[in-house]
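Contents: one structure, followed by commentary.
The values are calculated or read from the model by the stated rules, or taken from the named source; none is laboratory data. The structure presented is a predicted model; accordingly, all values stated were derived computationally and were not measured. Here the Cβ is made from the backbone with ideal geometry for all residues, glycine too, and neighbour counts use every protein chain on show.
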Amino acid sequence: MKAVKILGTGCRNCQTTRALVEEVAQALGVAIELEKVERMEDIMRYRIMATPGVVIDGVVVHSGGIPERSAIESWFRAAE
Amino acid sequence: MRQLILLVTLAVIWLLSYSHLNTVADALIAAMQLTRATPLGEAVHFFCYETPKVLLLLLGIVFVMGIIQTFFAPERTRALLAGRRLGVGNALAAALGIVTPFCSCSAIPLFIGFITAGVPLGVTFSFLIAAPMINEIALALLLSLFGWQVAALYLGLGLLVAISAGIVIGAFNMEHYLQDWVRAIHYGEDAAPQPNDGLALDWTARLAAGMKHVREIVGKVWLYVVIGVGLGAAIHGYVPENVLASFMGRDVWWAVPAAVLLGIPMYSNAAGIVPIVQALIAKGAALGTTLAFMMSVIALSAPELLILRKVLRWQLIVTFVGVVATGILVVGYVFNWLL
């Protein structure tokens, strides 16, 4: 089980990122626990400078813009 | 190598299309049995010529900007700005505002990232004013519809407004008007997450970033371009010459402040507004007045102020709006006076 957090205040890019992460995890058969972090105070704890951000098991793997599908796949593969 | 061939092929196609726009537009209205002497013919010709021209320039400029932006990740820009003094720092911040990727939904993380890394408030504001105001969409449209002189003027004056407004805000020493939770964030720069300055990318990745930027930006604004040019075409064909001179002309002293005030609550990207502005000018509106309107619509928008409200107290918001609006006002008057 991977703990995935999507950091973002709810703009369209954040929603797209969330949907894409869910889709890729399902396609790869990786079990994830998805959490959306929407409060700015909480987002800033991760010190990103652009949203959306993606955190996997406590590590910031992405910030700013919608991640590429291949990038998401590599995050899930790397830890297996 | 294959990429290089593809890139050159695309560039040649781009150049060929760009140099034949007028021929194609003439052929199109001839095929519809229209002539430019009638209002309908003039409007249709304007639409058939300007729409592909704007879209082609937009494609080219957004692609190049997407590549340039890979060299200026927010983390790198922050490192370049940390500890800079007022003046030099403001000029650098405004310039970096053009080339650093920015979207208004990221304004707060960026703002906090700058402030906590020791970038002075005034310098941060120069960045925050320049980043949305001078963007590739506005430049592409101005270049396409007004020519390079006006695009260059917009660039120069936009920088000037961003630099001087940042210096003025910095001189007010308003750091205590940040929201409390922002002032409470204090972390040293030693524990920043993964260094992501974008310098390690190879050219394949940078070209891919350019293509991605094109997909995102052009995919988002092409419809605004078509609608904006359509409205502009209707104004071109049907609104009589000089009808606007009486209330948007250069001799109307209150036109510039009215344009700035009108622009603040309005929210549009440059793609929708420039074609209409261009048509207004052709009908007798003054360039300074309309440019002030455009800057106000793009640089000061109600949604962005609401976002900034989360990190700034109202005193700082009011100062920000007041200083930027004054800057735009001066630009409008100077333009009307010079031209």
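At-a-glance table
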| item | result |
| --- | --- |
| Segments classed as strands (runs of 3 or more DSSP E), wholly inside chain A, with at least 2 members that are surrounded by fewer than 19 Cβ atoms within 10 Å (Cβ to Cβ) and more than 14 Å from chain B (Cβ to nearest Cβ) | A:2-7, A:32-37 |
| Residue within segment B:219-228 that is crowded, with 21+ Cβ neighbours inside 10 Å, modelled with pLDDT of 80 or more, of a type in the set (Val, Ile, Thr) and within 25 Å of B:ALA165 (Cβ to Cβ) present | no |
| Within segment B:83-108, considering residues that are touching a Phe, Trp or Tyr at 6+ places or on another chain (Cβ under 8 Å) and of a type outside the set (Val, Ile, Thr), the one farthest from the other protein chains (Cβ to nearest Cβ) | B:ALA94 |
| Some residue of segment B:53-74 being without any contact (Cβ under 8 Å) to a residue 12 or more places away in the chain, more than 30 Å from B:ILE115 (Cα to Cα) and part of a helix (DSSP H, G or I) | no |
| Residue check, B:PHE111 within 14 Å of chain A (Cβ to nearest Cβ) and within 13 Å of the chain's Cα centre (by Cα) | no |
| Some residue of segment B:156-174 being touching a helix residue (DSSP H, G or I) at 6+ places or on another chain (Cβ under 9 Å) and closer than 28 Å to B:THR51 by Cβ | yes |
| Check on B:PHE102, under 18 Å from B:ALA271 (Cβ atoms) and free of Cβ contacts under 8 Å to residues at least 40 places away in the same chain | yes |
| Identity of the residue in segment B:38-82, among the polar types (S, T, N, Q) and more than 14 Å from chain A (Cβ to nearest Cβ), that ends up surrounded by the fewest Cβ atoms within 10 Å (Cβ to Cβ) | B:THR38 |
| B:THR124 vs. criteria among the β-branched types (Val, Ile, Thr), within 14 Å of chain A (Cβ to nearest Cβ), over 22 Å from B:VAL182 (Cα atoms) and surrounded by 19 or more Cβ atoms within 10 Å (Cβ to Cβ) | no |
| Selection status of B:ALA270, surrounded by 16 or more Cβ atoms within 10 Å (Cβ to Cβ), more than 14 Å from every other protein chain (Cβ to nearest Cβ) and among the aliphatic types (A, V, I, L, M) | yes |
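Residues checked against (1) buried (at least 16 other Cβ atoms within 10 Å of the Cβ); (2) away from every other protein chain (no Cβ under 14 Å); (3) modelled with pLDDT of 90 or more:
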site	(1), (2), (3)
B:LEU143	yes, yes, yes
B:GLY158	yes, yes, yes
B:ILE167	yes, yes, yes
B:TRP181	no, no, no
B:ASP190	no, no, no
B:ASN196	yes, no, no
B:GLU216	yes, no, no
B:HIS236	yes, yes, no
